[in-house]
Amino acid sequence: MTAVESRPVGVTGTTPAHRPFGARVGAFVALTKPRIIELLLITTVPVMFLAKQGVPDPLLVLWVVVGGFMSAGGANALNMYIDRDIDAVMSRTERRPLVTGMVSPREALVFGISLGVISTLWLGLLVNWLASGLALTALLFYIFVYTLGLKRRTAQNIVWGGIAGCMPVFVGWAAVTDSVSWSALVLFLVIFFWTPPHTWVLSMKVREDYAKAGVPMLPVVKGNLVVARQIIAYSWVMVAVSLALWPLAHTSWLYPVSAVLLGGFWLKEAHALHGRAKAGMVGAKLKEMRLFHWSITYLTLLFVVVAVDPFVK
């Protein structure tokens, strides 16, 4: 029996009689992974300001935010449905609703599919069909390419699977212009090169969890030094790509200055992590979570600048 098979789903023995309504509502919300969706929306709404070169229609923003939440939430619910076996093995996921039995697999499957269908129609009818199609593409890519195709098979899983998380910039741009552009592609690529370092540093922290579940994240199959070198490579490319928005979108001075400062601090942290890994530091001394927390701050601040920049010209 494998590690993944050794622990049944629904380990707490929760039954319908022991699932209060409030807890059930909270469990369905948890299926959508709200904290991850926050990051997706942070990369969606600011792009709408850049595409509009000003303030987009507030109602349009609302339609995009609600539709985007449902689309990403449906993808996350389906991801939990597929990964419920490994979630039961990993300490960081053992309290998820499908593992505890607060939500049944069938309920999660129906919930995820329903959100996907509703969000596609919502965005198509209230925004435009290009934005709807892009959101649906992200959902299908996340489920079929990343979750089913790559996650359990290759250490490159998050590199290519991360494409799904880059799509919101296209959705935001398409919502305003009913098209995509080179500027949107630059921001897409920033997130593409941001995602592996962001994920790998967290994976370094919970390496044993992934190893126990048989998920070949890069820190599981390679040592810390190799991972740190990969993080530096992706980080330098990310910062360089971020600067390409300046000439393509004709931004003001605010964006390139901010991109250099934010990227410079990122590179400082990435090289510091590499230095600690090279010195053989492990555990708390590796301080890998410093870069993880900064990665969230970096992305948030960079996209806030993207939204503010049109008003500086």
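Restricting to the range 21-40, and then to whatever is basic (Lys, Arg) and within 26 Å of His293 (Cα to Cα), can you tell me which residue is surrounded by the fewest Cβ atoms within 10 Å (Cβ to Cβ)? Spell out how you get there, then give the answer.
Going through the range 21-40, the residues basic (Lys, Arg) turn out to be 24, 33, 35.
Imposing the further condition that a residue be within 26 Å of His293 (Cα to Cα) reduces the set to 33, 35.
On the way: Lys33: 18, Arg35: 9.
Only one residue fits best here, namely Arg35.
Could you tell me whether Lys268 is basic (Lys, Arg) and over 21 Å from Ser183 (Cβ atoms)?
Yes; evaluated as a whole, the condition is true for this residue.
Cβ contacts < 7 Å: first residue under 15 Å from Met289 (Cα atoms), restricted to the range 189-201; second residue not in a helix (DSSP H, G or I), any location; separation 6+ or different chain. Result?
Thr195/Gly162; Pro196/Gly162
Any residue in the range 80-88 that is closer than 26 Å to Tyr210 by Cα, modelled with pLDDT of 95 or more and touching a Cys at 6+ places or on another chain (Cβ under 9 Å)?
No; the residues of the range 80-88 include none that is closer than 26 Å to Tyr210 by Cα, modelled with pLDDT of 95 or more and touching a Cys at 6+ places or on another chain (Cβ under 9 Å).
Quick grid of which residues meet (1) modelled with pLDDT of 90 or more; (2) within 21 Å of the chain's Cα centre (by Cα):
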| position | (1), (2) |
| --- | --- |
| Gly13 | no, no |
| Pro20 | no, no |
| Arg35 | no, yes |
| Pro46 | yes, yes |
| Val64 | yes, yes |
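How many of the residues in the range 208-267 are within 23 Å of the chain's Cα centre (by Cα), among the small types (Gly, Ala, Ser) and closer than 22 Å to Gln53 by Cβ?
Residues meeting the conditions: 4.
Please note which helices (runs of 4 or more DSSP H) are completely contained in the range 23-116 and include at least 2 residues that are of a type in the set (Asp, Glu). Don't jump to the end; show me each part of the working.
Working: elements: 34-42, 45-52, 58-82, 84-87, 97-100.
Because the criterion is at least 2 residues that are of a type in the set (Asp, Glu), the helices (runs of 4 or more DSSP H) in the range 23-116 that meet it are 84-87.
The values are calculated or read from the model by the stated rules, or taken from the named source; none is laboratory data. In this text, all values refer to a predicted model and were calculated from it rather than measured experimentally. Every residue, glycine as well, gets a Cβ built from its backbone with ideal geometry; the counts of neighbours run over all protein chains shown.
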